[in-house]
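Just so you know, all these numbers are worked out from the coordinates, no wet-lab data involved. Because the structure is predicted, anything quoted here is derived from the model rather than measured. Note that we place each Cβ from the backbone using ideal geometry, even for glycine, and neighbour counts take in every protein chain shown.
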């Protein structure tokens, strides 16, 4: 009963965001911003850090994103939750993916990256998390995820980053 109510709420919030807020300006903005959560974007950040010889950034990022990709791949395959556009009619789909929907990899990646960067560059914490929230929200707006997919991905990325930042091996690179 509770799970059914949660699923109904999840669907209602998804439809409110995806269909209720839909407009051409948000379509353009959020379909662009959503890619900041992709692993390709974070690989570019990783290579920029290597190029700048920023050990305090690229060592934690390497370990965090390697662990995250492996974990998310296993979890998405195991759970196999379909994406909203696969189960609901009339979804405004501005992106496509061919993996399971739970948890959101983009939300996980952006919160992982934002938390790692905030742990190293503390003065940018507000802007990093604001960006993470916008990217996570965009995953619902572009039709790729239910809100619970996004919330689970955001929590997973945040927790993993906090664990990586606490790891003693990583701390020696942050000096």
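Full extension of the segment from residue 133 to residue 7, taken as 0.36 nm per residue of separation minus the current Cα-Cα distance, would add 43.2 nm.
From the square roots a ≥ b ≥ c of the eigenvalues of the alpha-carbon gyration tensor of segment 80-141, which class results: rounded (a/c under 1.5), prolate (a/b over b/c), or oblate? Before the final figure, lay out each step's value.
Details: a/c = 4.32, a/b = 2.36, b/c = 1.83.
Prolate, since a/c reaches 1.5 and a/b exceeds b/c.
Take peptides 143-154, 34-45 and line them up by average Cβ neighbours within 10 Å, highest first, as a rough protection proxy. Write out the running numbers ahead of the final one.
Working: 143-154: 24.8, 34-45: 17.1.
So the order, starting with the most tightly packed, is 143-154, 34-45.
Residue ranges 97-105, 126-134 sort as 97-105, 126-134 when ordered by packing (mean number of other C-beta atoms within 10 Å per residue, highest first). In degrees between 0 and 90, to the nearest 10, how far off the longest principal axis of the chain does helix 105-120 point, with axes built from Cα atoms? Roughly 30 degrees between the two axes.
In what sequence do 91, 2 fall when counting other Cβ within 10 Å, fewest first?
Least to most surrounded, the residues fall as 2, 91.
Length available on full extension from residue 28 to residue 43: 0.36 nm per residue minus the Cα-Cα distance, which gives 3.0 nm. Tell me the angle of helix 39-51 to the major Cα principal axis of the chain, expressed in degrees between 0 and 90 and rounded to the nearest ten. Taking Cα atoms only, the helix is inclined about 10 degrees. Enter the angle in degrees (range 0 to 90, nearest 10) between the Cα long axis of helix 125-141 and the first principal axis of the Cα atoms of the chain, meaning the one along which they spread out most. Long axis of 125-141 versus the principal axis of the chain: about 30 degrees. Would you work out if segment 1-100 is rounded, prolate or oblate? Take a ≥ b ≥ c from the square roots of the eigenvalues of the alpha-carbon gyration tensor; rounded if a/c is under 1.5, else prolate when a/b is larger than b/c, oblate otherwise. It comes out oblate by the Cα gyration axes.
If you take the square roots of the eigenvalues of the alpha-carbon gyration tensor of segment 71-175 and sort them as a ≥ b ≥ c, do you get rounded (a/c under 1.5), prolate (a/b over b/c) or oblate?
It comes out oblate by the Cα gyration axes.
For the peptides 109-121, 10-22, residues were scored by their other Cβ atoms within 10 Å and the scores averaged per peptide; the highest-first order is 109-121, 10-22. Taking all Cα pairs closer than 8 Å and separated by 6 or more residues, the relative contact order of segment 28-174 comes to 33 percent. Counting helices only, and only those DSSP H runs with n ≥ 4, report the 222 nm mean residue ellipticity of the chain as the sum of -39,500 (n - 2.57) divided by its residues, in deg cm²/dmol to the nearest 500. After summing the helix terms and dividing by the residues of the chain, the value is -22500 deg cm²/dmol.
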